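The values are calculated or read from the model by the stated rules, or taken from the named source; none is laboratory data. Bear in mind that the values here come from a model prediction, so they are computed numbers and not experimental data. Backbone-built Cβ (ideal geometry, glycine too); neighbour counts: all protein chains shown. SASA here: full protein model, heavy atoms, side chains in, ligands and nucleic acids out. Shrake-Rupley method; radii C 1.70, N 1.55, O 1.52, S 1.80 Å.
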Amino acid sequence: MDELERTAARYEEIIAAGQALHPPRAPGEPRRKRAKAANLLDRLDTERDQVLRFAFDWRVPFDNNTSEQAIRMAKVQQKISGGWRTMPGAERFFAVRGYLSTAAKQGKNLIDVVTRLFDGRGAWIPVSA
């Protein structure tokens with residue numbers, strides 16, 4: 001048994017132990033308020049392929065921090081200013097944020113990328129995957 005099979009088997013054991021403490025709702029059983037732990041257990045059971053995907057497919061990151069970080073700046077900007085006054089202003093803000101985010105993900109120095117825009121060398125163009 002390889003390491004991935006052991007991990008999947010251990011996950012099954014953990015789900016089974018949790019279900020012993022919080023039995024799943026039977027089909028047709030009326031919905032009632034359940035403990036947060038039981039709701040989490042249900043989600044971990046029904047979405048087990050998604051939970052373990054990062055272990056079997058190495059292209060999938062372990063967490064989604066990159067996605068959360070991309071949204072965070074927009075939410076901070078919105079909170080500070082109360083929103084954008086015009087749609088074109090919001091579009092410009094997100095275009096700049098997207099450009100800088102892509103440059104950072106491709107390992108570029110952000111100061112160099114912005115400087116290049118204004119010193120006559122033109123925009124840095126991302127490399128497509």
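From the list R97, R92, R85, which residue is closer than 24 Å to P126 by Cβ, modelled with pLDDT under 90 and surrounded by fewer than 13 Cβ atoms within 10 Å (Cβ to Cβ)?
Of the residues listed, the single one that is closer than 24 Å to P126 by Cβ, modelled with pLDDT under 90 and surrounded by fewer than 13 Cβ atoms within 10 Å (Cβ to Cβ) is R92.
List the pairs whose first member sits in region 1-29 and is among the basic types (K, R), whose second member is surrounded by 10 or more Cβ atoms within 10 Å (Cβ to Cβ), and whose Cβ atoms are under 8 Å apart, counting only residues at least 6 apart or on separate chains?
R25/R34; R25/D42
Considering region 96-126 alone, what residues qualify as being among the aliphatic types (A, V, I, L, M) and over 23 Å from N65 (Cβ atoms)?
I111, V114, L117, A123, I125, listed by residue number.
Could you pull out the residue among I111, I71, I80 that is exposed (fewer than 13 other Cβ atoms within 10 Å of the Cβ), hydrophobic (A, V, I, L, M, F, W, C) and either modelled with pLDDT of 90 or more or at positive phi (or both)?
Selected residue: I111, the only one of I111, I71, I80 that is exposed (fewer than 13 other Cβ atoms within 10 Å of the Cβ), hydrophobic (A, V, I, L, M, F, W, C) and either modelled with pLDDT of 90 or more or at positive phi (or both).
Determine the pairs where a residue that is in contact (Cβ under 8 Å) with a residue 24 or more places away in the chain, located within region 56-85, has a partner that is open to solvent by less than 80 Å² (accessible area, probe 1.4 Å) with Cβ atoms under 8 Å apart, the partner being 6 or more residues away or on another chain.
Pairs found: F56/L4; A70/S101.
Here are A16, A37, A8: which of them is modelled with pLDDT of 80 or more and open to solvent by less than 50 Å² (accessible area, probe 1.4 Å)?
A8
Name the residues in region 40-68 that are of a type outside the set (D, E), modelled with pLDDT of 85 or more and either more than 16 Å from the chain's Cα centre (by Cα) or exposed (fewer than 10 other Cβ atoms within 10 Å of the Cβ) (or both), would you?
Passing the criteria: L40, L41, R43, L44, T46, R48.
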